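Where a number appears in this text, it was derived from the coordinates with a stated rule and is not lab data. Predicted, not measured: the structure shown is a model, and the values here were computed from it. So basically every Cβ, Gly included, is an ideal-geometry build from the backbone, and we count neighbours across all protein chains shown.
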Amino acid sequence: MVVITRKLAEAFFIGPHRVVIVRISGNRVRLGITAPKEVEILREEIVIKRERALALATAQAEADEADETAPDPFDGVTPADLHSPMEGVGR
């Protein structure tokens with residue numbers, strides 16, 4: 001990790017992208033970032049939320065796929081196969 005100290009209105013670059021300190025208020029810093037619209041700039045909590053959603057969707061898709069490929073335990077069973085061996089006993 002690189003730690004950079006800057007004052008209000010000072011800037012630094014991340015690659016070709018200019019980052020300016022726009023405002024400092026208490027323990028909060030507002031940054032201005034000059035980058036093309038194609039460059040996705042996300043807060044950390046958004047990235048974490050996306051990663052969790054993707055992991056959940058992947059796990060669900062894998063579970064669904066496993067359900068589809070599991071053998072049907074009743075495949076080939078007829079209604080006659082389901083009669084109880086005790087049927088009619090004690091009547």
Worksheet item: With charges only on Cβ, +1 for K and R and -1 for D and E, what is the dipole size of the chain about its Cα centre, in debye, rounded to 20?
Response: 1620
Response to the item:
Sorted by chain and then number, the residues having a modelled amide H within less than 5 Å of the amide H of Ile14, at least 5 places away or on another chain, are Val19
Worksheet item: Working out 0.36 nm times the residue gap between Ala66 and Phe13, then minus their Cα-Cα distance, what length gain in nm do you get to one decimal?
Response: 14.3 nm
Item to complete: Mind sorting out which of [x] 1.14; [y] 1.54; [z] 0.94 is the real Rg/Rh (Cα atoms, Kirkwood Rh) computed from the coordinates?
Response: [y]
